[in-house]
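Visitor: Below is a structure I'd like to ask you about.
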Amino acid sequence: MCSMSYAKSIIDDIFGGIRPAARALERSASTIQGWYEAGTIPQKHWVDVTRVAKDFGHHLTPDDFYPAKTPATSSFGYPFEKLHCLSIDDFQRPDIETLLTLGEHYLDLNVQKSPDRSVLKGKTLVNLFFENSTRTEKSFEVAGKRLGADVISMQVASSSVKKGETLLDTATTLNAMNPDLLVVRHGSSGAPALLAQKVSCSVINAGDGMHEHPTQALLDVLTLRQAFATHGGDGQIDGLRIAICGDILHSRVARSNVKLLNMLGAEVRLVGPPTLIPTDADRWGADVFHDMKTGLTGCDVIMMLRLQMERMSGAFVPSKREYFHFHGLDRAKLGYAKDGAFVMHPGPMNRGVEISSDVADDPDVSLITQQVETGVAMRMGILHALSEAQDKQMDRKL
Amino acid sequence: MSALSIINARIIDPTSGYDGGGTLLCEDGIISKFGPDVTAKGEIIDADGLICAPGLIDMRVSTGEPGRENRETIATAAQAAVAGGVTSIVIMPETNPVIDDMSLVDFIHRRGEEASVNVYAAGALSKNLDGKTLTEIGLMSEAGAVMFSNGAQPIADSRIMRRLLSYSASFNALIANRAMDPSLSAGSVAHESDFSSRLGLTGAPAAAERIMAERDVALAELTGGRLLIDMISSAEALQVVRRAKSRDIEIACSVSINHLALNEVDIGDYRTFAKLDPPLREERDRLALLSGVNDGTIDVIVSAHDPRPAGEKRLPFAEAGAGAVGLEVLLSAALSQVADEKLDLVAALAAMTCNPATLLGLESGRIAEGAPADLILIDPHAPWVCDSDKLLSRSKNTPFDGRRMTGRAVKTICGGKVVFG
């Protein structure tokens, strides 16, 4: 969090607050207030601030005006050496900490808007989406571009696959382009894992069938850490009671989140009608509830899932009306959870089906906007970590 | 007169329970004498203590001939068969065109005459396997079809199944039906369990198998038809068969060797080579099926040989084809279970020799004076590693690739001629 607010520490620690700083720098208090709130000081004032600070006995260097240095890609002494991001199972706890630390680093808008573009310099990121997606694809595109990569987006849903090209034919075509990072979304579980065996670059699973969506789980956890840190907690997931509600059966987000939240020590609950809960889900390390009232009792976080109409080949629930009545999140059902509980949703939402608009749009409880914002930062962090692991591996080979 | 003698063999005949050392003499392709006091003549093979057993009869073999010769031809299947100790194969009707009339039964027989093993045809139960229109079961039986099957798909319509069983009863024809409720298992690619739902794969519950097995048992009881419940894979379906047999309903049931040797964990990491139909189920199912063979509830072990080229397998799991080649691993995988003390040797051999022979009405599958000299020499302890590249089948899709196996056929004799080893 330190990187977010270097202006604060300069103003408080050197000048002794906003008003003394305004007097010393001969600027209006509102200007200083602006810096204070933004956490940064515009570059044109750096010379002035450095000069005046000297009078107060502090020697500032340009480094002090830059946010914190990019964190190292290691946690607890374990270097991050994973080449793919296919499933939460790929990662150990230190890897997760590394990814979250990097994600947090890029969450700082100053870092995000003027990041170190050499991180992915000269690297090619290919977005390969066999299913339509807007937010995930664009968020990877922005993340790649901000870190200096060349980004190519391929919409395969509408092209050669219809002509009978198999996934591995596509892999061969891709290999010829020598990409470094491949972001894949596919309608079949395990498709990115199959690609990873056949391409010579890092593969990032951006959602495969009903299997996993690991980057979404990571960004959900990063969002939660931020939310609990700003609300007076220590930002730890450990010990939180988190309910994942709705269409668990078809949800890759739920599968990734159950694994990740369990790893981080949360008490995970799955709440949904029996037809939308997978077989033996109680053996996933989560408690299963079919009733929102008992399921949400005492929860710190409620993660709502989208009712995936497009994957429903049969009748799973009788009607949207009945679904909303028993399993949609409204004010009344939110009341079963702990006071101050947060609500999340991976989007896109079916308003009035799984969540009511007044809950979704209430900034005091809803983290849905933050989830979208965190998406780019978390993905920058993931790309950064994988790219460094690639470079390290390359160095070892040389 | 050609003669062949196998000396110093441990002769095992699962039909009579005979198990003793000695010499076996074949003359003109027929077993003429066997026992400790037989004098060898003609060509002599020294078995050096190995097991001499009847050649295996595999009741469920798919080839690509006619129609999909890139998968397998009858000739390549025969090569694979003899290498695995199989001397008789029954070809499933799922070809293109479907074996649903006499001329195709005849075609299979003619192609089979050139092969080094005995080739029999299974006729289709319904025209073009549509599940609705009865085929000429009587005429195909006369033409030599040994059984009738609807391939991978069951006869879903109970009324059609009832008619098939009751019509075929007058020809004493064997009707094989897959135990699978088509709507309950629609769209499934794996066994429904905690394991498959973590992988995000749609599963078929074991209940889908049980429901169809119960229905077919009820219809067999109603009509008096001869029913074979084709390839059960779950403990639940085994219970159905066990109860039916305890009530003296004459049904038979088969299991594939894959389901005796593998379980659902083998599909971990989306190994499409272990994607099978029926799907691999849990370890408790596998153990139940093994005990079913040992106590005789399960009559037949089949290879479920289903050759698929790599292109049909190297796809995302849900899109990949189901099935595995099995002719070359059938005996070895069974012997490996014997070596693990999970399977009884004589029960396993019976399920691959005399039991299918009885069901199909074949002379082979036993060691008896006057029976065809279809024989194998087995080394039950030979260790080897299955290497898919070395398989003789045209397609190499085996889930056993890289596995350590115990036991194999070292010599295969079909019609008194050495065809392998």
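The values are calculated or read from the model by the stated rules, or taken from the named source; none is laboratory data. Since the structure is predicted, the reported quantities are computational estimates derived from the model, not experimental observations. Counting neighbours? That spans all protein chains shown, and the Cβs are built from the backbone with ideal geometry, glycine included. For the accessible areas, the whole protein counts, side chains as well, though only heavy atoms, and no ligand, DNA or RNA atoms are used. Shrake-Rupley method; radii C 1.70, N 1.55, O 1.52, S 1.80 Å.
Visitor: Within region B:22-125, list the GluC sites (Glu not before Pro) lying in a DSSP loop whose Cβ has at most 10 other Cβ atoms in a 10 Å radius.
Guide: Filter output for region B:22-125: B:Glu114.
Visitor: Once you order the gyration tensor axes a ≥ b ≥ c over the Cα atoms, which shape class does region A:199-348 get: rounded for a/c under 1.5, otherwise prolate or oblate by comparing a/b with b/c?
Guide: It comes out oblate by the Cα gyration axes.
Visitor: If you rank A:Thr101, A:Thr172 by how much accessible surface each has, with a 1.4 Å probe, what is the order from largest down?
Guide: Accessible-area ranking of A:Thr101, A:Thr172, largest first: A:Thr172, A:Thr101.
Visitor: Right, another one. Do the sum for chain B: with -39,500 (n - 2.57) for every DSSP H run of n ≥ 4, divided by all residues, what is the mean residue ellipticity at 222 nm, to the nearest 500 deg cm²/dmol?
Guide: -8500 deg cm²/dmol
Visitor: Can you return the lysines within cross-link range of A:Lys338? Criterion is Cα-Cα under 20 Å, with same-chain partners fewer than 8 residues away left out.
Guide: Within the straight-line cut-off, A:Lys338 pairs with A:Lys293.
Visitor: Using the Kirkwood formula on the Cα atoms of the protein assembly as shown, what hydrodynamic radius do you get, in angstrom to one decimal?
Guide: One over the average 1/r among Cα pairs gives 30.5 Å for the protein assembly as shown.
Visitor: What residue among A:Gly57, A:Met304, A:Val221 has its Cα farthest toward the positive end of the dipole of the protein assembly as shown, where the charges are +1 on Lys, Arg and -1 on Asp, Glu, each on the Cβ?
Guide: A:Gly57
Visitor: Long-range amide H contacts for B:Gly22: which residues qualify at under 5 Å (H placed 1.01 Å from N, peptide plane, sequence gap of 5 or more or a different chain)?
Guide: B:Asn8, B:Ala9, B:Ile11
Visitor: Diagonalise the Cα gyration tensor of region B:121-273 and give the resulting equivalent ellipsoid semi-axes, square root of 5 times each eigenvalue, largest first, whole Å.
Guide: 29, 17, 14
Visitor: Same structure again: Specify the inter-centroid distance of region B:144-195 and region A:5-27, based on alpha-carbon positions, in whole Å.
Guide: 83
Visitor: Just to confirm a number: summing +1 for Lys and Arg and -1 for Asp and Glu over residues other than B:Ala80 whose beta-carbon lies under 13 angstrom from that of B:Ala80, what do you get?
Guide: 0
Visitor: With the convex hull built on the Cα atoms of chain A, state its orientation-averaged projected area in nm².
Guide: Computing the convex hull of the Cα atoms and averaging its projections yields 22.3 nm².
Visitor: Calculate the all-directions average of the projected area of chain B's alpha-carbon convex hull, and give it in nm².
Guide: For the Cα atoms of chain B, the hull's average projected area reads 18.3 nm².
Visitor: For a quick check, take a GNM of chain A with Cα springs below 10 Å and name the residue from A:Ala38, A:Ala29, A:Ala266 with the largest mean-square fluctuation.
Guide: Result for chain A, Cα springs under 10 Å: A:Ala29 fluctuates most.
Visitor: Right, next: Could you state the number of Å between the C-alpha centres of region A:321-386 and region A:83-118?
Guide: 22
Visitor: List the lysines whose alpha-carbon lies under 21 Å from that of A:Lys8, not counting same-chain residues fewer than 8 positions away?
Guide: A:Lys44, A:Lys54, A:Lys69, A:Lys113
Visitor: Which of B:Ala190, B:Pro93, B:Ala83 sits closest to the plus end of the dipole of region B:74-224, meaning its Cα is farthest towards the positive end, when Lys and Arg get +1 and Asp and Glu get -1 on the C-beta?
Guide: B:Ala190
Visitor: What is the average number of partner chain Cβ atoms found within 10 Å of a Cβ in A:193-206?
Guide: Per residue, the average neighbour count from other chains is 1.
Visitor: Still on this structure, I have one more. By a straight-distance test (C-alpha under 12 Å), which aspartates and glutamates pair with B:Lys396 as possible cross-link partners, with residues fewer than eight away in the same chain excluded?
Guide: B:Glu72, B:Asp306, B:Glu312, B:Glu328, B:Asp387
Visitor: Using only the Cα atoms of region A:200-289, build the gyration tensor, take square roots of its eigenvalues as a ≥ b ≥ c, and label the shape rounded, prolate or oblate: rounded if a/c is under 1.5, else prolate if a/b is larger than b/c, else oblate.
Guide: It is oblate, given that a/c is not under 1.5 and a/b is not larger than b/c.
Visitor: Could you run the Karplus curve 6.51 cos²θ - 1.76 cosθ + 1.60 with θ = phi - 60° over region B:181-195 and give me ³J(HN,Hα) per residue in whole Hz, x for Gly and Pro?
Guide: Running phi through 6.51 cos²θ - 1.76 cosθ + 1.60 with θ = phi - 60° gives 6, x, 7, 6, 9, 4, x, 7, 10, 7, 6, 6, 6, 3, 5 Hz.
Visitor: While we're here: With each label point set 7 Å from Cα along the Cα-Cβ vector, what nm distance links A:Ala315 and A:Asp150?
Guide: 5.5
Visitor: Taking the Cα centre of chain B as origin and charging only Cβ (+1 Lys, Arg; -1 Asp, Glu), how large is the dipole, in debye to the nearest 20?
Guide: 500
Visitor: I've got another one for you. Average partner chain C-beta neighbours within 10 Å, per residue of A:278-284?
Guide: Mean shielding count: 5.
Visitor: May I pose another question? Counting only protein chains, not ligands or nucleic acids, how are A:Tyr78, A:Tyr106, B:Tyr270, B:Tyr18 ordered by accessible area (probe 1.4 Å), most first?
Guide: The ranking, largest first, comes out as A:Tyr78, B:Tyr18, B:Tyr270, A:Tyr106.
Visitor: How many angstrom separate the Cα center of region A:165-231 from the Cα center of region B:1-56?
Guide: 61
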